[in-house]
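Just below is one structure, and these are the notes that go with it.
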Amino acid sequence: MNIHVITIDGPSGSGKGTLATKIAQHYHYHLLDSGALYRLLGLSLQRQNLITKIHENLIDCVNIARNLHIEFLPTSQGIQVVLDGEDVSQVIRTEEVGAFASKVAVVPELRAALLQRQRDFAQTPGLVADGRDMGTVVFPHAQAKLYLTATAQSRAERRAKQLQSMGEDAKIADILANIQARDKRDMERAVAPLKPAVDALVIDSSYLTIDEVFMQMVNYIDVQLAKTL
Ligand code: DC
C-alpha cells in the first residue's frame, strides 16, 4: 500500500506545530516533529561537550546523529520525548536548546545523518511531517505539501501572549528581533533553506484562526489524497 505523506513547512511561530498535530489526529496518521530531532541532537552534542566543536569532531558528531537513542511516546498530554531513557520533553523546548539546534541545522553532514531517520517515520497509514524542508528535501514526493507562514509581527504577538500566559515577562520588540534573525538564518542557509516547495499550497495565517487554517488545510489535503485513489 502506498503510504501517504503530508508535509507542513514554515517559519517558527507560524502555528505549524499545533496544526500538524491536529491534522495528524484528523487523518489518524503518524506525526514527525523534525525540529525535535534537531533539538535532540543539539542537546546530545552539548552534553558531550561537542556543540561548539562540531567541525573539529565531525565524524564523531555524525556517528552520534546516526545512533541517537530517542523515542516519541504518545501520552494524554501530547508526545513525550525521550533521549537515552530520560524524559527531555520540557528541556528541548527551551531557547538554549533551540540555539543548539540551529547550530546543528547549518551542518550539511548532520542534516544528511538525520535524513533516513526522518524518512523512517513514513509508516502506514500515513505521516504528517512538520519542519523546514519536509516538502523540498525529506519527502519530495509527498502527496500533499503545505507551507504555513505569517508576518513576523503577528508571530511575535502570538509568542508574547504565550509567554505572558506562562507568567514570563515578554518584550515584543525583543521577540520580534529574535524572530527576524531566526527567519534570516533559516532562509539564507546554504543547505535545505526554508522555502515553499514549488508544488506547495502557501497559507498565510496572520489574520486567520487556527480553525480557519485547519479547514483550508483539510480541504486541500482531501483533494490531493483523492487524486491518489
Ligand atoms: O521548529 P523548531 O524550532 O523546533 O526547530 C529547531 C531548529 O531546527 C531551528 O533552528 C530550525 C531547525 N530545523 C531545520 O533546520 N529543519 C527542520 N526540518 C526542522 C527544524
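The values are calculated or read from the model by the stated rules, or taken from the named source; none is laboratory data. Treat the numbers as computed from the prediction; the structure is a model and nothing was measured. So basically every Cβ, Gly included, is an ideal-geometry build from the backbone, and we count neighbours across all protein chains shown.
May I ask you to verify whether Ile23 is under 19 Å from Ala200 (Cα atoms), over 14 Å from the mean Cα position of the chain (by Cα) and at pLDDT 95 or above?
Working: under 19 Å from Ala200 (Cα atoms): yes; over 14 Å from the mean Cα position of the chain (by Cα): yes; at pLDDT 95 or above: yes.
Answer is yes for this residue.
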What's the total number of residues in the stretch 192-211 that are in contact with a strand residue (DSSP E or B) (Cβ under 7 Å, 6 or more places away or on another chain) and either surrounded by fewer than 17 Cβ atoms within 10 Å (Cβ to Cβ) or without any contact (Cβ under 8 Å) to a residue 40 or more places away in the chain (or both)? 3
Criterion (surrounded by fewer than 19 Cβ atoms within 10 Å (Cβ to Cβ) and touching a residue at least 24 places away in the same chain (Cβ under 8 Å)) met by exactly one of Val81, Val62: Val62
